[in-house]
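Since the structure comes first, as structure tokens, the remarks are kept for the end.
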Amino acid sequence: MPSPATAGRLPDGVPLVLDATDVSVSFRGSAARWNTVVDSVGLGLERSQVTVLLGESGSGKTVFARTITGMAPRSARVGGSSLFDGVDLLDAPARDLRRLQGDRIGTVPQDPNSSLDPMRRIGGQIVETLLQHGKAPHRAAAKVRAIELLELVHIREPERVARCYPHEVSGGMRQRIAIAVAISCEPELIVADEPSSALDASVGVRVVQLLDDLRTRLGTAILFITHDIGIAALIASQPHDRVAVMLGGRVVELGFAHQVLRNPVHEYTRALIAAEPSADVPRGRLAVVPDDVRTRRDWGPLVDVEPGHAVASAARHEEVA
Amino acid sequence: MSTVLSAEGIVKRFGSFTALDGVSFRLERGHTLGIVGESGSGKSTLGRIVMRLLTPDAGTVRLGDQDLFGLDRRKLRIARRRIQLVPQDPRNALNPTMTVGESLRFQLQAQRVPRSEWTRRSGGLLEQVSLPRDYLHAYPHELSGGQAQRVAIARAIANDPEVLVCDEAVSALDKSVQAQVLNTFAELQSSLGVAMFFISHDLAVVEHLSDDVLVLNRGRTVESGPTRDVLGAPQDPYTRELLEARHSARPA
């Protein structure tokens, strides 16, 4: 019987790309009080596996993902550890982080308009990334590689697109180009923060399928942040993919995708899935997530309910301790 | 059945770009018409035209039996009370310096409701959208997204409009509060008989809430009719593409 501290963790034998343990993040609020936005969250990311962070606005999913990859906001107070190839990203020097980020850890932003430089051609931006991280011996080789990368993310006429400025291509294409930049150095880990939310549904689905395909081909670990249960089900397509449901800075349910999305145990996850609008439900009769569940913060620690599936107990903190 | 809002052959161009090209629809009393399409399909432009915030280059809009674009200023001011907007982002649509009660009274005043009724009516409006009366004293920044959207709905229904134009009215909300607001819309529709012109890119929401659907693609109607028929057995390849994007993204 595993102890609560290890509930929901992967077996010890599994080699992890990134191992975050007991990560807490707080920000200074008014009158020197610290507000905890991420509260002792642990998560292990495995090769060619997708881990979905599912949560609503304010649940701390973005802050958590940024923190464990060494990009915590400067004003944050951070605790815990996040090991990537023996380096703790939570207190590694900036020089070490710079070497890892973009090279071995790629990031796909929510809004590709703000991550691509509007004043520079698309090809040039990919070439710069390749040269910066020493992935090409010279500019001519980097140019060839940039075209290959654009082909890899299904851009038609890559030579023409490489000469375009970001504003000359569609939003879906910009997002695929941002993915091309993220994978240009063949990272071991990609963090994708709501990469499809700003796109039309059919375009977003293609972006998600592209990421899914890349991890199969390149063996990349993907940390995928979303608020959309449908998108979560789409990206977590393999049996070993996992879903972590975040609520108020804590993981309340963690398990393999089919466990969490098909047989949810935590009352918040169940209510969230039941609240999805559907034509099968009579109008005005949609299930509602009760406010006391949505705003409750004192869930108990994660406890295993079946192998690989852990749920925060409904018991209050004090009763467990 | 009586038609409360209809349009015939709407064309709208912005420079050389045609945003709407011959769009027609009919909205019956107490019914919901869902307008679906991807960004750039002309959904919001159509919403602005039926509220007479934009003038079409061709075509007519009728509010009840009146030609919306044939009204003089005085008649337009009265006609506008019958059609109200529920915005996408309620926090930007509510005046941040006014309490909820002040916002509602401002609306009642604009609707020429007698001053003696303001207090009673504004409390009643909040109850209609399932908010306690205490929220009359709250400022918009003190409300959650779902609460602010319900205040925006309360304001829109202040004087029994015939039509609510909802432009992505639940898209900015978290899934857990989206269900509450959708239930509020459904309850209001059955109690007030208000018709809804419901613009959304979310097919699941439209399928749940709409009686009829109009699918727009690049300014043209590609398909329209009862929701069950259009989304159940789509005839047009574009509608099928939209549905595929959703079905593949569903759990189960």
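Regarding the range A:61-103, what's the average projected area of the Cα-atom convex hull, expressed in nm²?
Working: hull surface 12.5 nm².
Reported value for the Cα convex hull: 3.1 nm².
Taking one quarter of the surface of the C-alpha convex hull of chain A gives a mean projected area of 18.9 nm². Placing R0 at 30 angstrom, the Cβ-Cβ distance between A:A94 and A:W34 gives a FRET efficiency of 0.80 after rounding to 0.05. Label-to-label distance, A:E148 versus B:D65, with points set 7 angstrom from Cα along the beta-carbon direction: 7.4 nm. Remark: the range B:32-44, residue by residue, has Karplus-estimated 3J(HN,Hα) of 10, 10, x, 10, 10, x, 8, 4, x, 7, x, 4, 5 Hz, where x stands for each Gly or Pro and the curve is 6.51 cos²θ - 1.76 cosθ + 1.60 at θ = phi - 60°.
Each residue of the range B:196-202 is assigned a 3J(HN,Hα), and the resulting list reads 10, 9, 9, 8, 7, 8, 9 Hz, derived from the Karplus form 6.51 cos²θ - 1.76 cosθ + 1.60 (θ = phi - 60°), x at Gly and Pro. Over chain A, Cα pairs under 8 Å with separation of 6+ residues give a relative contact order of 22 percent. Given 10 °C and 1.306 mPa s, compute D for the range B:91-160 with the Stokes-Einstein relation, Rh being the Kirkwood radius over Cα pairs; round to the nearest whole µm²/s. D, rounded to a whole number, is 136 µm²/s.
Entry for the range A:109-184 at q = 0.11, 0.20, 0.21 Å⁻¹: log10 I(q)/I(0) = -0.22, -0.75, -0.84, Debye formula applied to identical alpha-carbon scatterers, no solvent contribution. Express in % the proportion of alpha carbon pairs of the range B:123-252 at distances exceeding 19 Å. Everything past 19 Å amounts to 54 percent.
FRET efficiency for the pair B:S2 and B:N95, taken as 1/(1 + (r/R0)^6) with r the Cβ-Cβ distance and R0 = 45 Å, rounds to 0.80.
Across the range A:206-217, computed HN-Hα scalar couplings (Karplus, 6.51 cos²θ - 1.76 cosθ + 1.60, θ = phi - 60°) run 5, 5, 5, 4, 5, 4, 4, 5, 5, 5, 5, 7 Hz from first to last residue, x flagging Gly and Pro.
Between B:S191 and B:N159, the simple label model (points 7 Å from Cα in the Cβ direction) yields a spacing of 2.1 nm.
Once Rh for the protein assembly as shown is found with the Kirkwood sum over Cα pairs, what is the Stokes-Einstein diffusion coefficient at 10 °C and 1.306 mPa s, in µm²/s? Taking Rh from Cα pairs, D becomes 61 µm²/s. Let me check against my output: what whole-number percent is the relative contact order of chain B, with C-alpha pairs under 8 Å and at least 6 apart? Once divided by the residue count of chain B, the mean separation gives 27 percent.
Would you mind getting me the FRET efficiency between B:S16 and A:A287? Use the beta-carbon distance for r and R0 = 56 Å, nearest 0.05.
So the FRET efficiency works out to roughly 0.70.
Under 5 Å between amide hydrogens, built in the peptide plane, is the criterion, and for A:R242 it picks out A:V50, A:T51, A:V52, A:A257 among residues at least 5 positions away or on other chains. Scanning residues 5 or more positions from A:E46 or on other chains, those with amide H under 5 Å from its amide H are A:V17, with H placed 1.01 Å from N in the peptide plane. For the range A:1-155, dividing the convex hull volume of the Cα atoms by the residue count gives 173 Å³ per residue.
Since every read-out is calculated from the coordinates, none of them should be taken as a lab result. This structure is a prediction, so every number in the text was calculated from the model and none was measured. Neighbour counts are summed over all protein chains in view; Cβ atoms, including those assigned to glycine, are modelled from backbone coordinates with ideal geometry.
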